[in-house]
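What follows is a short report on a single structure.
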Amino acid sequence: MSGWHLGRSVARDLLSSLRDIAPVVLVVAFFQVVVIRQPLPPGISGADLLLGLVCVVAGLALFIKGLQIALFPVGESLAHAFARKGSVFWLLTFSFALGFGTTIAEPAMIAVAGKAALVVSEAGFIGPDTAAQAAFALNLRLVVALSVGCAVLLGVVRILKGWPLHYLIIGGYGIVLLLTGMAPEKIIGIAYDSGGVTTSTITVPLVTALGVGLATAIKGRHPMLDGFGLIAFASVMPIIFVLGFGVLAFGPGGG
């Protein structure tokens, strides 16, 4: 792609990002000015808001362009290469490593883990010191990353075997309901939110590209029917793992 075409493409993405974020800005502005009718929080000026908006629009546009230029093509190319190579072991190893690595790097997971550690400390499950909170946050991230690695691996096996997606998802949420009745109360919310933060900016593009690319490359599989669904596994599996982690670490019901 030439510099001229790349520049035009980025400009279109900037306009698209501005259009996408405009409803959020309008909602916040309406409630701030019309409903709340209060000045901005101390230390925040109109210039700060404008600069923040520019950064968000530019960041979103560049992120989308990065996905289009590199991440989606590379993910699909790797899936095709593994399918041609015919090595199930390396395909499954790569799938697990991809899910684990993207989740460890997920900014949303880092933020939620830190906040969860603070809440668990206030509940008396761990010590109040910074070291105990940091250890819990790291353990939570590792548990969730392990769960997403297993989820992507299971999703790839489903594509290879042609298993129906809905049976696996229903079974997964059945396990969630069972563990919800056993886990400590203050872990339940953390577990459910852990399933959401893993489907964010880093995990979704790469995992989706892997699933679609693999379903496209394997004979007898359809990208629409078989290529999607990995993100669903990446949503339910962390809930199961974190609920189980809560039961093992703190006992049933936190006792």
Practice task
Please find, within region 218-229, the residue that is farthest from E76 (Cα to Cα) out of those that are assigned to a helix (DSSP H, G or I) and either open to solvent by 40 Å² or more (accessible area, probe 1.4 Å) or of a type in the set (F, W, Y) (or both).
Solution key: L225
Practice task
Would you confirm whether any residue within region 191-202 is open to solvent by 20 Å² or more (accessible area, probe 1.4 Å) and farther than 25 Å from L140 by Cβ?
Solution key: no
Problem - Filter result for T180 (of a type outside the set (A, V, I, L, M) and over 20 Å from the mean Cα position of the chain (by Cα)) - result: yes
Completion exercise
Within region 161-190, residues being touching a residue at least 40 places away in the same chain (Cβ under 8 Å), open to solvent by 30 Å² or more (accessible area, probe 1.4 Å) and not in a helix (DSSP H, G or I) number 2
Handout entry: Which numbered condition A145 fails, given (1) touching an Asp or Glu at 6+ places or on another chain (Cβ under 9 Å); (2) surrounded by fewer than 17 Cβ atoms within 10 Å (Cβ to Cβ); (3) outside any loop (DSSP other than H, G, I, E, B)
Key = (2)
Practice task
Show the residue pairs that are 6+ apart or on different chains and have beta-carbon atoms under 7 Å apart, the first residue being within region 82-109 and in contact (Cβ under 8 Å) with a residue 60 or more places away in the chain and in a helix (DSSP H, G or I), the second being of a type in the set (S, T, Y) and open to solvent by less than 60 Å² (accessible area, probe 1.4 Å).
Solution key: T102/T203; T103/T198; T103/T203; A108/S200; M109/T103; M109/T198
Fill in the blank from the handout: F125: passes all of (1) assigned to a helix (DSSP H, G or I); (2) surrounded by 14 or more Cβ atoms within 10 Å (Cβ to Cβ) but (1)
Exercise for the section: Report, by residue number, each residue of region 198-210 that is modelled with pLDDT of 75 or more and among the aliphatic types (A, V, I, L, M). Expected result: V204, L206, V207, A209, L210
Completion exercise
With criteria (1) within 23 Å of the chain's Cα centre (by Cα); (2) open to solvent by 40 Å² or more (accessible area, probe 1.4 Å); (3) within 30 Å of V212 (Cβ to Cβ), G86 comes up short on (1)
Practice task
Working carefully through the options V35, V56, V24, find the one that is more than 29 Å from the chain's Cα centre (by Cα) and either in a helix (DSSP H, G or I) or β-branched (V, I, T) (or both).
Solution key: V35
Fill in the blank from the handout: If we keep only residues of region 230-250 that are of a type in the set (A, V, I, L, M, F, W, C) and under 16 Å from F125 (Cβ atoms), then the residue surrounded by the fewest Cβ atoms within 10 Å (Cβ to Cβ) is L248
Handout entry: Test: residue in region 56-65 that is touching a Cys at 6+ places or on another chain (Cβ under 8 Å) and either open to solvent by less than 40 Å² (accessible area, probe 1.4 Å) or touching a residue at least 12 places away in the same chain (Cβ under 8 Å) (or both)
Key = no
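The values are calculated or read from the model by the stated rules, or taken from the named source; none is laboratory data. Keep in mind that what you see is a predicted model, and the values were worked out from it rather than measured. A quick note on method: Cβ atoms are made from the backbone with ideal geometry, for glycine too, and the neighbour counts reach across all protein chains shown. All accessible areas refer to the heavy atoms of the entire protein, side chains included, with ligands and DNA or RNA removed. Shrake-Rupley method; radii C 1.70, N 1.55, O 1.52, S 1.80 Å.
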